[in-house]
Amino acid sequence: MNRLNIEEPTDTPGQLLAPGVRHAIGAVALVALAALALLGLWGAPPDDRQGEAMRLLYLHVPSAWLAYLAFFVTAVASVLFLWRRTRSMVWDRVAGASAELGVIFTGLTLVVGALWGRPIWGVWWAWDARLVTTAVLFFLYLGYLSLRRIPGEPEAAGKRNAIAALIAFVDVPIVHFSVEWWRTLHQKATVFNPELSAKIEGVQALTLWIAVIAFTLLYLYLLDRRYRLAVLEEGQAERELEQAIRERTGDAVAGVTP
């Protein structure tokens, strides 16, 4: 019978990154975010067509990239949980933690996109293929996170969650290629396009790459912290369950004592 592996690595219990690595990533992320703020607000010139609204893309693009990355990590962790040889609660926690961050970055993508769309398109929201599929992605993973809150036996619940995550991930490539498959208001990919030909250069390109690096490092730092919190939450739940069992057992013994 296959048993669920719930053991943590002995060298870094309850966390994904060693403390030194985590601190280094956090420090570099902070520096990169500060550089992004300086370049994004003052260093990079306004766009010839979009004007100052271009600066919003230094948040919009890395947010969208992080949504893709976070949901990809969730999908990979879900596959590793479903595979018997690698099944472990570690992967279930990673999947859940990464999905939470993905939902945050997807929400940020939609909000910043609306702020950008108002001066460029003249509307806050358009029933555009990219926007609609992104909104669907947001709600799919909200549903996934809600599903994770349904109590159940850990292994069975983990399998259920993993399958749901993989179903939701189907929308990720649809979101990305929507601007290629359908005629949309949304501009095509600036960097990660089919031709792999960046449509941006100079200080604007530098600022955008710093934004992507800064957000990626921030994601890694937050993933480690959210994973740690998940471990603590599980430990608290186990302690509460044990306490409830002891109280029930004590009451039962007291009830039969002559």
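Below are the figures for this structure:
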{"read-out": "Spin-label pair Val111/Val170, simplified geometry with 7 Å Cα→Cβ offset, distance in nm", "value": "3.1"}
{"read-out": "Burial order of peptide ranges 61-69, 24-32 (average beta-carbon count within 10 Å, highest first)", "value": "61-69, 24-32"}
{"read-out": "FRET efficiency, 1/(1 + (r/R0)^6) with R0 35 Å, evaluated for Leu38 and Trp121 via beta carbons", "value": "0.75"}
{"read-out": "Estimated vicinal HN-Hα couplings, Hz - region 30-35 in sequence order (Karplus 6.51, -1.76, 1.60; Gly, Pro = x)", "value": "5, 5, 5, 5, 5, 5"}
{"read-out": "Accessible surface, region 19-239, averaged per residue in Å² (probe 1.4 Å)", "value": "52"}
{"read-out": "Residue-by-residue Karplus 3J(HN,Hα) for region 95-103, coefficients 6.51, -1.76, 1.60, Hz, glycine and proline x", "value": "4, x, 5, 5, 5, 4, 5, x, 5"}
{"read-out": "Sites Phe72 and Val28, calculated FRET efficiency, Cβ-Cβ separation with R0 22 Å, nearest 0.05", "value": "0.50"}
{"read-out": "Additional length obtainable on full extension of the chain from Glu201 to Phe177, 0.36 nm per residue less Cα span", "value": "6.3 nm"}
{"read-out": "Carbon and sulfur %, accessible surface of region 19-239 computed with the full protein complex present, 1.4 Å", "value": "70"}
{"read-out": "Pair Leu229, Asp48: separation of 7 Å Cα→Cβ label points (nm)", "value": "4.5"}
{"read-out": "Global form of region 38-165, assessed from the alpha-carbon gyration tensor, a/c cut-off 1.5", "value": "prolate"}
{"read-out": "Nonlocal amide H pairs with Leu185, under 5 Å, H built at 1.01 Å", "value": "Ala129"}
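The values are calculated or read from the model by the stated rules, or taken from the named source; none is laboratory data. This one's a predicted model, so the numbers in the text were calculated from it and none came from an experiment. Positions of Cβ are generated from backbone atoms using ideal geometry, with glycine treated the same way; all protein chains shown enter the neighbour counts. The protein model used for the area step is the full one, side chains on, heavy atoms only, and it has no ligands, DNA or RNA in it. Shrake-Rupley method; radii C 1.70, N 1.55, O 1.52, S 1.80 Å.
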